[in-house]
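The values are calculated or read from the model by the stated rules, or taken from the named source; none is laboratory data. Every value quoted in this text rests on a predicted model; they were computed, and no experiment measured them. Reconstructed Cβ throughout: ideal geometry from the backbone, glycine too, with neighbour counts over all protein chains shown. SASA here: full protein model, heavy atoms, side chains in, ligands and nucleic acids out. Shrake-Rupley method; radii C 1.70, N 1.55, O 1.52, S 1.80 Å.
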Amino acid sequence: MNKKAVVVFSGGQDSTTCLFWAMKQFDEVLAVTFDYGQRHRLELDCASAICKEQGIEHHILDMSLLNQLAPNALTRDDIEITDGEEGQLPSTFVEGRNMLFLTFAGVLAKVKGAKHIVTGVCETDFSGYPDCRDVFVKSLNVTLNLSMDYEFVVHTPLMWLDKAQTWELADQLGKFDYVREKTLTCYNGIIGDGCGACPACELRSRGLENYLASKGEN
């Protein structure tokens, strides 16, 4: 049985939790990070540092074409970070991002002889992003298998978890403090608890508070 996995890895809370999950599930784990012109370049450094600490083979792929095709608040300083209003998507949504990321992760996985792909997408706390839905991931899994005639399995361990449950999973994996202190979720590029004001930080901190409260620590 093939027990080798590629983790789509940004160095954030979700993907780092998935990395540790994968390290428990598979014999060999690789990580792939995508450089799509994100304005907090520290994300790439953070991902590299975590992989180096954990002894994980790490690949950074150039996806700068995304910045040209889909201007958004994550890549452009002149676009304000805003939540979606009146049914609109947040300004942080990057058109086609997860489709492209998973596709390129699939190419890397086949070249490396891995049949498993792990991604931290989540339909529970997904900010309305259509490419974080379970139906999309399942559909793309089938497409990847057909396109490369290969038996990929795309794993989404966080798909039905809210942020509090994601913190709980990190704790169960024995990596709660590591994820809290060394990951980068903040849209403003501040490692750890972040700026506390951007949508990503608000979601992360609310989940943390809820999890600590459930443990009687808050």
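Brief remarks follow.
- Order of exposure, largest accessible area first, which applies to 161, 65 with probe 1.4 Å: 65, 161
- Summarising the amide proton neighbourhood of residue 59: residues at separation of 5 or more, or on other chains, whose placed amide H is nearer than 5 Å comprise 31, 32, 33.
- Per-q log10 I(q)/I(0), the stretch 1-60, q = 0.18, 0.19, 0.23, 0.27 Å⁻¹ (Debye; single scatterer per alpha-carbon; no solvent): -0.56, -0.61, -0.86, -1.13
- Neighbourhood charge, 14 Å Cβ-Cβ cut-off, centred on residue 107 and excluding it, Lys, Arg +1 and Asp, Glu -1: +1
- Amide H contacts under 5 Å for residue 183, placed H, 5+ residues apart: 192
- Taking the inverse of the mean 1/r over every pair of distinct Cα atoms in the stretch 103-218 gives a Kirkwood hydrodynamic radius of 15.8 Å.
- The accessible area of residue 206, taken with all protein chains in place and a 1.4 Å probe, comes to roughly 120 Å².
- Counted charge near residue 191, where neighbours are those whose Cβ lies closer than 11 Å (Asp, Glu -1; Lys, Arg +1): -2
- Applying a threshold of 24 Å to the alpha-carbon distances of 3/182; 163/215; 138/175 flags 3/182; 138/175 as lying beyond it.
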